[in-house]
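Following: one structure in structure tokens, then a few remarks.
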Amino acid sequence: MKILYIGDIVAKIGRRAVSQVLPKLKEERQIDFVIAQAENMSTGNGITKKAINEMQDAGVDFFTGGNHSFKKPEGVELMNQPEPNIIRPANYPGNTPGRGWQIAKTPFGNILVINVLGQTFNGPLLDHPLKTIDSIIEQNKNEKLLATIVDFHGDLSSEKVAIGFYLDGRVTAVVGSHTHVSTADARVLPSGTAHISDVGMTGPIDSVLGVKKEIILDRWLNQLPNKFDWPKTGVVQFSSILVDVGSNAKATQIEQILIKTEIS
Ligand SMILES: [Fe+2]
Ligand SMILES: [Fe+2]
């Protein structure tokens with residue numbers, strides 16, 4: 001079975017790139033299940049129903065989130081619905097809306113997807129990411145799972161590498177998100193877990209993490225609180241990884257797939 005994970009889709013331009021690239025890629029590479037990092041999917045960050053519908057039409061089956069999951073009130077509403085398959089970080093404390101993990105039912109079998117936020121920079125009030133994942137794995141130990149995929153949404157490369165080793169052999173893949181910059185360290189770890197520190201974004205390349213570069217530079221140079229804006233046209237990099245799942249929910253291969261596409 002082949003699972004594709006698409007890195008942070010940024011704004012409308014990122015969604016248009018997914019619609020342009022994904023249907024053909026799915027067919028060519030015989031991809032069975034598609035997960036997308038959705039926290040920046042709507043322009044201005046956050047998630048809307050319109051964005052979800054567009055991405056489902058393009059072939060996305062499951063949506064993960066991050067520190068921007070709750071940016072739009074509509075997204076908060078969506079988190080509480082049984083459908084679609086959409087999760088937010090599992091290590092928020094208290095009565096945060098939505099769910100931090102979910103089992104997706106596919107014709108091939110069940111896939112558990114878990115989302116956690118890294119602690120460094122994202123806040124000391126979060127529950128411990130590693131202990132949170134331990135507890136979710138324990139809760140699901142009697143489930144018959146085809147694969148378990150962990151989306152680790154964090155800043156620090158050391159945390160991102162360490163969590164791969166922590167979960168090696170216990171989950172199918174640990175994929176990093178949030179920095180919007182792809183790393184070149186995709187590999188299958190010694191005990192059969194596919195890992196990459198960060199998949200990178202699906203957004204405009206002539207931008208700073210998806211936002212118009214002039215705005216970010218002006219803010220930095222002049223300390224003016226210029227409003228963020230996102231390019232509407234230009235070259236977009238579709239950033240993804242493809243994981244081949246073998247027996248016992250272990251990964252047999254991980255491949256980084258980066259595709260540049262023009263949005264006019
Ligand atoms: Fe993001
Ligand atoms: Fe993020």
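The values are calculated or read from the model by the stated rules, or taken from the named source; none is laboratory data. Here the structure is a predicted model, which means the values were calculated and not measured. Neighbour counts are summed over all protein chains in view; Cβ atoms, including those assigned to glycine, are modelled from backbone coordinates with ideal geometry.
Got a sec? Which of V199, V174, V188, V208 is farther than 22 Å from M55 by Cβ, in contact with a Gly (Cβ under 9 Å, 6 or more places away or on another chain) and among the hydrophobic types (A, V, I, L, M, F, W, C)?
After ruling out the rest, the residue left standing is V174.
Say whether the condition of being in a helix (DSSP H, G or I), among the hydroxyl-bearing types (S, T, Y) and out of contact with any Ser or Thr (no Cβ under 8 Å at 6 or more places or on another chain) is met by at least one residue in segment 24-44.
Checked segment 24-44: no residue is in a helix (DSSP H, G or I), among the hydroxyl-bearing types (S, T, Y) and out of contact with any Ser or Thr (no Cβ under 8 Å at 6 or more places or on another chain).
Can you pull out every residue in segment 56-74 that is within 16 Å of ligand 2 (Cβ to nearest atom) and farther than 25 Å from V21 by Cα?
Residues satisfying the conditions are N67, F70, K71, K72.
Looking only at segment 174-209, which residues are in contact with a helix residue (DSSP H, G or I) (Cβ under 8 Å, 6 or more places away or on another chain), closer than 12 Å to K160 by Cβ and within 15 Å of ligand 1 (Cβ to nearest atom)?
G176, T183, S197, D198
Would you tally the residues in segment 183-202 being away from ligand 2 (no atom under 16 Å from the Cβ) and of a type in the set (S, T, Y)?
2
Looking for whichever is within 13 Å of ligand 1 (Cβ to nearest atom) and out of contact with any Cys (no Cβ under 8 Å at 6 or more places or on another chain) here; the options are I31, I35, I6, I13. Which one fits?
I6
Name the residue, out of A51, A11, A36, that is modelled with pLDDT of 95 or more and at positive phi.
Criteria check complete, one pass: A11.
Can you pull out every residue in segment 214-264 that is part of a loop (DSSP other than H, G, I, E, B), charged (D, E, K, R) and over 30 Å from K144 (Cβ atoms)?
K227, D229, K232
Could you tell me whether N226 is at pLDDT below 95 and away from ligand 1 (no atom under 16 Å from the Cβ)?
Yes, satisfied.
Which condition from (1) in a strand (DSSP E or B); (2) buried (at least 16 other Cβ atoms within 10 Å of the Cβ); (3) aliphatic (A, V, I, L, M) is the one that V199 breaks?
V199 satisfies every listed condition except (1).
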